[in-house]
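Heads up: the structure comes next, in structure tokens.
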Amino acid sequence: MPTSVLVCYATRYGSTEEVAETIAETLHEHGIEVVVRSVLEVQNLDQYGVVVLGAPLYMFHLHKDALHFLTRHHAALEARPVFIFALGPIHTDEKEFQGASQQLEKELAKFHWLVPEETKIFGGKLDPQTLRFPYNLFMGRQSASDVRDWTAIRAWASDLAAQFHTVVAP
Ligand SMILES: Cc1cc2nc3c(=O)[nH]c(=O)nc-3n(C[C@H](O)[C@H](O)[C@H](O)COP(=O)(O)O)c2cc1C
């Protein structure tokens with residue numbers, strides 16, 4: 001039985017990668033053997049007992065690299081516990097969080113075989129200065145924001161660690 005946890009992420013501007021790294025760091029602090037990788041770097045899941053997948057929402061969809069990851073690793077993911085987090089809301093508005101939650105649910109429903117152990121929405125980051133075409137056209141006038149709640153992110157990772165000790169305990 002593989003004993004390590006894979007924390008993998010899709011990202012366009014890096015904010016999801018930073019969240020994935022913090023989750024991996026927290027798991028490591030709790031004694032979990034963990035590897036953090038871009039979904040683009042993952043060849044297979046053989047060495048991992050659990051998968052944590054993170055991706056941002058863009059235009060009501062999960063980042064395409066995450067969708068491709070789910071398709072590519074269908075069989076292996078079906079055989080492992082999978083935990084999914086998504087970044088999205090760029091304000092701390094409850095409605096925005098609910099909307100993001102619905103978007104994530106809808107996206108994951110496309111994968112009828114996928115039954116995540118947990119899903120989680122975290123606030124995201126927007127830096128309008130860095131947006132490239134065509135996103136700069138409709139998001140470029142927004143104010144910069146970063147509503148990633150690092151306390152909530154670490155708390156979620158600590159909860160996961162407690163669960164993982166029973167699944168991938170060395
Ligand atoms: C053009 C654009 C479209 C976005 N669309 C959504 C969306 O539909 N739903 C949502 O919750 N967040 C949306 N966001 C917010 C992003 O998910 C957020 O900025 C996230 O932190 C980006 O992650 P990344 O830095 O890893 O690429 C959008 C952001 C941009 C720039």
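Since every read-out is calculated from the coordinates, none of them should be taken as a lab result. Remember, predicted model here, so these are calculated numbers, not experimental data. Here the Cβ is made from the backbone with ideal geometry for all residues, glycine too, and neighbour counts use every protein chain on show.
What number results when the radius of gyration of the range 48-144, computed over Cα atoms, is divided by 2.2 N^0.38 Å?
Working: Rg = 14.6 Å, N = 97, 2.2 N^0.38 = 12.5 Å.
Relative to the 2.2 N^0.38 Å estimate, the range 48-144 comes out at 1.17.
Could you give the nm distance between label points at S143 and D127, where each point is 7 Å from its Cα heading toward the beta carbon?
Label at S143, label at D127, 1.9 nm between them.
Would you mind telling me the antiparallel percentage of the DSSP bridges in the chain, rounded to 5? Before the final figure, lay out the partial values.
Values: 4 of 26 bridges.
Of the beta bridges lying entirely in the chain, close to 15 percent run antiparallel.
Taking the Cβ of E18 as the centre, find all other residues whose Cβ is under 14 Å away and add up their charges (Lys, Arg: +1; Asp, Glu: -1). The partial results should precede the final answer.
Numbers: positive: R12, K125, R148, R154; negative: E17, E21, E25, D127, D146, D149.
Residues close to E18 contribute a combined charge of -2.
Ranked from highest to lowest mean number of other Cβ atoms within 10 Å per residue, what is the order of the peptides 29-37, 50-58? If you can, show how the numbers build up before the last one.
Details: 29-37: 17.0, 50-58: 24.0.
In descending order of packing, they fall as 50-58, 29-37.
Starting from the Cα-Cα distance between E33 and T71, subtract it from 0.36 nm times their residue separation and give me the gain in nm to one decimal. Write down the numbers at each step before the final one.
Working: separation 38, 0.36 × 38 = 13.68 nm, distance 2.56 nm.
This chain segment gains 11.1 nm when fully extended.
Run the dipole for the chain about the Cα centre, Lys and Arg Cβ at +1, Asp and Glu Cβ at -1, nothing else charged, and hand back the magnitude in debye, nearest 20.
Working: 14 positive and 21 negative charges, 114 e Å.
Dipole of the chain, to the nearest 20 debye: 540 debye.
Pairs on different chains or at least eight residues apart, Cα atoms closer than 18 Å: how many lysine pairs in the chain fit? All intermediate terms of the calculation are to be shown ahead of the outcome.
Values: K64/K106; K64/K110; K95/K106; K95/K120; K95/K125; K106/K120; K110/K120.
Value for the chain: 7.
Relative to the first principal axis of the alpha-carbon coordinates of the chain, what is the inclination of helix 15-29, with its axis defined by its Cα atoms, in degrees from 0 to 90 and to the nearest 10?
30
So if each residue of separation counts as 0.36 nm, and I subtract the Cα-Cα distance between R154 and E105, what length gain in nm does that give? Let's see the in-between values first.
Working: separation 49, 0.36 × 49 = 17.64 nm, distance 2.27 nm.
Full extension from R154 to E105 adds 15.4 nm.
Suppose each label sits 7 Å from its Cα in the direction of the beta carbon; what would the D93-K64 distance come out to in nanometres?
Taking the two extended label points, one gets 2.8 nm.
Using Cα-Cα distances under 8 Å and only pairs 6 or more residues apart, what relative contact order does the chain have, in percent? All intermediate terms of the calculation are to be shown ahead of the outcome.
On the way: 289 pairs, mean separation 43.6, N = 170.
Relative contact order of the chain: 26 percent.
Compute, for the range 90-157, the length of the dipole vector about the Cα centre, with Cβ point charges of +1 (Lys, Arg) and -1 (Asp, Glu) only. Units Debye, rounded to 20.
Details: 9 positive and 10 negative charges, 52 e Å.
The dipole magnitude comes to about 240 debye.
For E78 and E41, calculate 0.36 nm times their separation in residues minus their Cα-Cα distance, and state this gained length in nm to one decimal.
So the chain would gain 11.3 nm between E78 and E41.
For the chain, build the charge dipole from Cβ charges (+1 Lys, Arg; -1 Asp, Glu) around the Cα centre, then report which of G31, Q142, V82 sits farthest towards its positive end.
Q142
Rounded to whole Å, give me the distance from the Cα center of the range 11-33 to that of the range 91-170.
13
I want to verify the translational diffusion coefficient of the chain in µm²/s; compute it with Stokes-Einstein, Rh as the Kirkwood radius over Cα pairs, at 10 °C and 1.306 mPa s.
On the way: Rh = 16.3 Å.
Rounded to a whole number, D works out at 98 µm²/s.
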